[in-house]
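None of the figures in this text is laboratory data; all of them are computed from the coordinates on show. Worth saying up front: this structure is predicted, and the values here are computed from it rather than measured. Heads up, the Cβs are rebuilt from the backbone with ideal geometry, glycines too, and the neighbour counts pull from every protein chain shown.
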Amino acid sequence: MKGFLLSVRTKMLFVAMAHFMWMMTFGGHSVFANTVALYTPYPEITVPPGESIDYSVDVINNSGSIKNVGVSLSGVPDGWEHSLKSGGWTIGKVAVMPGEKKTLSLKVDVPHQVEKGVYKFQVVAQGLTSLPLVVTVSETGTFKSEFTSTQPNVEGHSNATFSYNAKLRNMTSEPQFYALRSDAPRGWNVSFRANGKQVSSVNVEANQTLDVAVEVSPPKKIKAGNYKIPIQAVTRSTSADLELEAAVKGNYEIELTTPTGLLSTNVTAGGKKRLELLVKNNGSSTVNDIKLDKRAPVDWDVVFEPNEIKSLEPGENAKVYATIQASKKAIAGDYMATLEANNPDVSEKAAFRVSVKTPVVWGWLGIMLILGVFGGVFQLFKKYGRR
Amino acid sequence: MIFINVTLKILHPMKFINQAKMYMSGMSIPSLTLPNTKATTKAEKLSTKVPHPFWVIVNKEVVDHIRSWRLVILVAIITIACAGSLITGLMHFKDSISANDPEGSFFFLKLFSASGSGLPSFVVFISFLGPLLGIGLGFDAINSEQTRGTMARVLSQPIYRDQWINAKFTGGLLVISVLFTGLTLIFMSIGILKIGIPPTPEEFLRILIFTFVTICYVGFWLNLSILFSVKFKQAATSALCTIAVWLFFTVFYGIIVNFIANATAPGQFASPDQIIRYQQFITNLMRIVPSQLYSDATTTLLMPSVRSLGPLTSEQVVGTVPSPLPLGQSLLLVWAQLTGLILATVSCFALAYYSFMRREVRSR
């Protein structure tokens, strides 16, 4: 595309030079200054890069006869597009009746990428006259975008979401449609938010800035350390990079469960039950000094063995035995006993459903009583029956 | 001699008793011997089916009971009452089911304890009318036979006295058992038909045990009335006495306990300990009444979420999860009540037995 444009520009350059040569060699002497004149109201203007300028050029015939004038442009800077039209047509020659004028419209596109400065070119009525035009480009035009963040480094746990605020600046002179993407390592999740919505591309007006929030969530089981997340805003013609940094701290996560995962048990009122517990470190840091605690009903007791775990590496698990003693006064049915494993960093609970059973001693007593009475009746039978 | 028993069967008990007399006294009756051995073995086989005289009397008792207008009327009343409670129970069944009910899996049992439209539940009806049935079956067991003079006649046959009173008791209990088992099963089956969901095995077991408790409870009143029928010579006296006892327990005892409760109520500033002790005392007073034992037992059996029958301290309640008790635990909870009921029944019987065995039976 660019190559094509270039080739068009070079062709135009050749054409313009050919005109110029022709004019120098043949047209120079035979010009009657007052026969045909070219007129435009603003021959000198100042524009920003990327602007398109519409000139209206009048061709005035001051002579007494019809003039058939070939009109062209010369000296147009390299890469500037232009067209000369009248009555809906692109024209090369214009015929003007005596004493009349014809209006042509000249359109010149100042390219985006242009140096600041004064540019001159002229409209030439071949062999007759020429109209010099001056365009001052107010600033240097660029084709650049900028993606920046004032705080590209964020620290957090691996289960946290890292939020960055970035600014995307469109420094070109036309609206740009940016695709947002990231080259985060595998397992990382990067999402962009603009104007309150999650987006994958944004539209930025020329010379405007848009706030883009970037949310990064690291993989669950990531090791502590600094991670770089390169993100990019890309259009067809321009792109901007930004490198964000996530400082992941190790997280603390423990789990309290039993080897089978069963969190219910039964116990006789006043009796004891020994349970095997498992404390797992599911986090990415070593957890130290885990204390085991209980939150049981009144008069219940839970003894842990051991009652403290000195240190637990990530991924390791430790076995703990808990002896639950139910209150003597506990009534039959289910109770909740909560066992806890905690240290200042993390705390985990396991709620046990404990079914309390009544001791069967009284049941046996009742059976003995019934048996005793039946024995008594049997004695009666023996003593008084069959006289 | 065996063959005679076979031929006579048990069509007429009195006749049979005459034969039984011969059987027991070892008299040989030479007639009706069959010629070939094959027939003999067949006859021997048949002879094993000859009932013991005890069962003959039981049989006769049962027949007497079933043919009496008294039982027909009592059973009709109980059946109508239970049908009423079943209909109201079914009508209000959906009200008694709530989403977060810990007894959610036992909703079939609710049919037995459901009440509505001012009509009490099945259990309440049984606890009220059951005693009447027991009393009706037993109040004239001994003394009416004595006044009619039939007892002396029967006992002059080779029938032991203990067999006589045991059979009286067994006959009555048999009628009660069949009646209540049948009633409960019919109640349950209509329930299944109407609700469309069968009871779970545990529910079925609970209902069976409930039936057993009901039989024990009615058996107590049966034994009490038999005891009175032994003690009093007039059937009317024993009937009045048993009814009086029943009325006392159902109506007046509650009033008396209420009176005692008011009199011994702890003051406004009593410690919780005192209040609990007082509550326990009043509950224990109430538990002297068989109907209280019965309602305690049936409530626990038919409502598995009942975890305690007495007052509870908050220490016992903290940390509890509302959940139904397993059947074994429910049984253990009401074991004392069950034991009490069974003991009361057996002791009444023992007393009746003792006084019958020691009394003079020949005179009218």
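A few comments on the model shown:
- Euclidean distance between Cα centres, the stretch B:165-189 to the stretch A:314-387, Å: 35
- Nearest-20 debye value, the stretch A:224-303 charge dipole, Cβ charges on Lys, Arg, Asp, Glu: 240
- Other protein chain C-beta atoms within 10 Å of residue C-beta, averaged over B:300-309: 1.
- Using alpha carbons only: equivalent-ellipsoid semi-axes of the protein assembly as shown, gyration tensor based, whole Å: 115, 33, 25
- Subtracting the Cα-Cα distance of residue A:316 and residue A:161 from their residue separation scaled by 0.36 nm leaves 53.2 nm.
- Bridge type composition, the protein assembly as shown - antiparallel percent by DSSP, nearest 5: 90
- Interchain or long-range residues, amide H under 5 Å from residue A:36's placed H: A:62
- Cα-based shape type of the stretch A:145-249, given that a ≥ b ≥ c are square roots of the gyration tensor eigenvalues and the cut on a/c is 1.5: prolate
- Given A:144/A:221; A:294/A:329; A:220/A:272, the pairs whose alpha carbons are separated by over 28 Å: A:144/A:221; A:220/A:272
- Selection among A:376, A:365, A:317 by position relative to the dipole of the stretch A:285-387 gives A:376 as farthest towards the positive end (Cβ unit charges, Cα centre).
- Only one residue of A:61, A:342, A:285 has its Cα farthest out toward the positive end of the dipole of chain A, where Lys and Arg carry +1 and Asp and Glu -1 on Cβ, and that residue is A:342.
- Prolate/oblate/rounded label for the stretch B:55-357 (Cα gyration tensor, a/c 1.5): oblate
- The Cα center of the stretch A:62-112 and the Cα center of the stretch B:274-310 differ in position by 115 Å.
- Net charge dipole, the protein assembly as shown: roughly 5200 debye, given to the nearest 20, about the Cα centre with Cβ charges of +1 for Lys and Arg and -1 for Asp and Glu.
- In this label model, residue B:177 and residue A:44 are separated by 13.0 nm, measuring between points 7 Å along each Cα→Cβ vector.
- Hull volume in cubic angstrom per residue (convex hull over the Cα atoms of chain A): 249
- Fluctuation leader among A:80, A:300, A:364 - chain A, Gaussian network, Cα springs under 10 angstrom: A:364
- Remark: mean inter-chain Cβ contacts per residue of B:161-169 equal 2, using a 10 Å Cβ-Cβ cutoff to other protein chain atoms.
- Residues with amide H under 5 Å from that of residue A:70, placed H, sequence gap 5 or more: A:94, A:126
- Phi angles across the stretch B:140-147 convert, under the Karplus curve 6.51 cos²θ - 1.76 cosθ + 1.60 with θ = phi - 60°, into 3J(HN,Hα) values of 10, 4, 9, 5, 5, 5, 5, 5 Hz, Gly and Pro given as x.
- Residue-averaged [θ]222 nm for chain A, counting only DSSP H segments that reach four residues, each worth -39500 (n - 2.57): -4000 deg cm²/dmol
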